[in-house]
Structures are given as C-alpha cells and as structure tokens.
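Novice: There's a structure below that I have some questions on.
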Amino acid sequence: MSRRGDVIRGLYEAFAQALGPSRWWPGETPFEVAVGAILTQNTNWKNVEQAIANLKAAGAMTEKGLRALSPSVLEDLIRPAGYYRVKTKRLTEFLDFLEQESGLDIEALRGESLHDLRPRLLSVRGIGPETADSILCYALDMPTFVVDAYTFRMFARHGLVHEGMDYHELQESITDALPQSVTDYNEFHALIVRASKEWCSKSRPRCAACPARGLLDDPERLPQ
DNA sequence: ATCCGGTCCT
DNA sequence: AGGACGGGAT
C-alpha cells in the first residue's frame with residue numbers, strides 16, 4: 001500500500017493505456033538486440049539504426065560475421081553511432097565473451113540462470129548494468145528490469161528518486177512494485193522509453209499533455 | 001546549441 | 001568527482 005508502489009504501477013497503467021503494446025526491443029535476432037544495446041550507449045537510437053544497417057549490409061549481424069571483421073572496418077561501419085573506437089573494442093570484448101562462454105552463439109546462453117549469467121556479463125569491459133540488463137531481458141527473455149537515463153529522469157520528476165540513489169536501488173524499488181515477470185519488466189521499460197520521447201523529454205517536458213500528469217505530487221505545478 | 005536506451009579511466 | 005569518448009538529428 002505504499003504511495004511509491006502505487007505511483008509506479010500508475011505510470012505503467014497510464015502509459016500502457018495511452019501507447020498500447022510495445023513489442024520491444026527493436027531487433028530481428030537476439031544477437032542484433034545485444035549489438036544494439038552496446039551501440040546505443042549514451043547515443044540516439046536513430047544513429048544506431050544506421051550503424052545496424054551498415055552491419056547487416058556487410059553480413060556482420062551474426063556472431064561469426066562480426067568476428068570476421070577487422071577493427072578498422074568495424075569502426076567505419078559503426079561510425080554513425082558515435083564513440084566508434086570504444087564501441088569497436090566493446091563489441092570485440094563481447095564476442096570474446098561469447099566465444100569462451102557459448103561457442104560464439106548467444107542462443108546457447110538461454111540455458112543459464114540470470115543469477116549466474118549477470119555477473120559474468122558485467123565482467124566484460126564495456127558492459128555495465130544497463131547494457132547487461134538490456135541483453136538479459138530483451139535478447140534472452142530473462143526477468144531483469146532495465147534502468148536508464150529516461151527512467152532516472154521520469155522517476156525523479158515524480159519524486160521517486162532519492163538523493164544519491166544508484167542504478168540497483170532504483171531498479172529494486174521498481175521491481176518491488178511489479179509482479180516478477182519478464183513480460184512486465186520488458187513492457188514497462190519499453191513504455192518508459194516511448195513516453196520519455198513523447199512527453200518526458202529532458203528540456204521542455206510536455207507534462208500538460210502527459211497521460212501520467214495526474215500522478216505528479218502537485219499536478220498544478222508542472223516541471224519547468 | 002543541445003541532446004542522445006553509458007561506461008571506463010584517472 | 002571529473003573527463004573522455006563522437007556522429008547525427010532537431
């Protein structure tokens with residue numbers, strides 16, 4: 001009966017009602033989802049789409065196809081996504097991980113437990129908590145919730161982020177309010193991203209038009 | 001000019 | 001805690 005849980009479930013309800021089903025993550029295969037998760041780090045998804053198109057055109061949107069590329073060619077293909085030098089290293093580290101953990105086949109990770117796999121993913125250089133959870137939830141259908149900059153911003157505006165709150169604290173506060181379900185974790189994060197682009201933008205948020213405006217502390221005094 | 005489904009290094 | 005990484009869209 002916490003107000004925090006009520007607000008969190010209320011956000012989910014409001015966005016689900018307004019936006020409908022999301023069918024996330026954009027990506028045709030689990031491997032493409034994982035690659036997209038790395039490429040979109042602090043980067044506009046629109047730019048990532050170009051990099052993904054380049055990789056597909058080069059036959060590099062499979063484990064073996066990507067492995068066959070030289071670093072300089074890979075850099076050129078993913079350049080539109082920005083940070084192309086560090087991201088080339090991160091994709092290579094991820095392939096190294098797949099090679100030793102799963103015989104270069106991401107699907108082989110499905111047999112693993114979330115509890116065992118998550119820390120191993122986090123040990124890969126360039127894969128932090130958000131990227132790890134994105135891969136686990138959206139590529140492997142495991143019940144872990146993705147927290148991102150959109151989540152922090154939206155939840156802060158609703159008074160749900162306390163001073164110094166870190167990734168795992170916010171994550172736990174959200175999953176505590178929801179059924180432990182990969183379907184709900186998947187959908188709620190997708191709705192947060194869509195709603196953030198639609199209404200909860202960083203500058204000039206469109207609170208008056210937001211389906212969640214009624215959940216604000218004081219709906220009469222809107223942010224900015 | 002500002003912003004972007006972060007993460008690592010110093 | 002502060003900085004580096006970066007091209008593309010709005």
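Novice: Run down the lysines and flag those whose C-alpha is under 22 Å from the C-alpha of residue A:202, throwing out any fewer than 8 positions away in its chain.
Specialist: Here the lysines satisfying the reach criterion relative to residue A:202 are A:46.
Novice: Accessible area of the stretch A:30-139 with a 1.4 Å probe: how many percent of it is carbon plus sulfur?
Specialist: Numbers: 2500 of 4990 Å².
Summing carbon and sulfur atoms, their accessible area is 50 percent of the total for the stretch A:30-139.
Novice: Next question. May I ask for the percentage of alpha-carbon pairs in chain A that lie more than 31 Å from each other? Spell out each step's value before the answer.
Specialist: On the way: 6180 of 24976 pairs.
Above the 31 Å cut-off, chain A has 25 percent of its Cα pairs.
Novice: Mind jotting down the distance between the C-alpha centroids of the stretch A:137-169 and the stretch A:1-78, whole Å?
Specialist: For the stretch A:1-78 versus the stretch A:137-169, the Cα centre distance is 17 Å.
Novice: Choose one of A:91, A:51, A:135: the residue whose Cα lies farthest towards the positive end of the charge dipole of the stretch A:30-139 (beta-carbon charges +1 Lys, Arg; -1 Asp, Glu; about the Cα centre).
Specialist: The listed residue farthest towards the positive side: A:51.
Novice: Sum -39500 (n - 2.57) across every DSSP H segment of at least 4 residues in chain A, then divide by the residue count to get the 222 nm mean residue ellipticity, nearest 500. Please report the intermediate quantities before stating the final value.
Specialist: Details: 11 runs with 122 residues, N = 224.
Calculated mean residue ellipticity at 222 nm is -16500 deg cm²/dmol.
Novice: Ignoring everything but the protein chains, give the 1.4 Å probe accessible area of residue A:174 in square angstrom, nearest 10.
Specialist: Estimated to the nearest 10 Å², residue A:174 gives 0 Å².
Novice: What is the P(r) of the stretch A:38-95, as percent of Cα-Cα pairs per 5 Å bin from 0?
Specialist: 4, 23, 34, 28, 9, 1
Novice: Another question, if that's okay. Magnitude of the Cβ-charge dipole of the stretch A:74-224, K/R +1 and D/E -1, about the Cα centre, nearest 20 debye? Write out the running numbers ahead of the final one.
Specialist: Working: 18 positive and 25 negative charges, 182 e Å.
Its charge dipole is roughly 880 debye.
Novice: For the stretch A:1-53, state which GluC sites (Glu not before Pro) are in a DSSP loop and have at most 10 other beta carbons lying within 10 Å of their beta carbon.
Specialist: Details: sites: A:13, A:28, A:32, A:49; in loops: A:28.
Passing both the DSSP loop test and the Cβ count: A:28.
Novice: If you count only protein heavy atoms with a 1.4 Å probe, what accessible area per residue comes out for the stretch A:30-139, rounded to a whole Å²? Could the numbers behind the result be given before it?
Specialist: Working: 4990 Å² over 110 residues.
Heavy-atom SASA per residue in the stretch A:30-139 reads 45 Å².
Novice: Given the whole protein assembly as supplied and a 1.4 Å probe, what does the accessible area of residue A:217 come to in Å², nearest 10?
Specialist: 120 Å²
Novice: Using only alpha carbon pairs under 8 Å that are at least six residues apart, calculate the relative contact order of the stretch A:107-147 and give it in whole percent. Provide the component values of the computation, followed by the final result.
Specialist: Working: 29 pairs, mean separation 14.9, N = 41.
Once normalised by length, the contact order is 36 percent.
The values are calculated or read from the model by the stated rules, or taken from the named source; none is laboratory data. Predicted, not measured: the structure shown is a model, and the values here were computed from it. Note that each Cβ is placed from the backbone with ideal geometry, even for glycine, and that neighbours are counted across all protein chains shown. Protein only, heavy atoms only, side chains kept; ligands, DNA and RNA dropped before computing areas. Shrake-Rupley method; radii C 1.70, N 1.55, O 1.52, S 1.80 Å.
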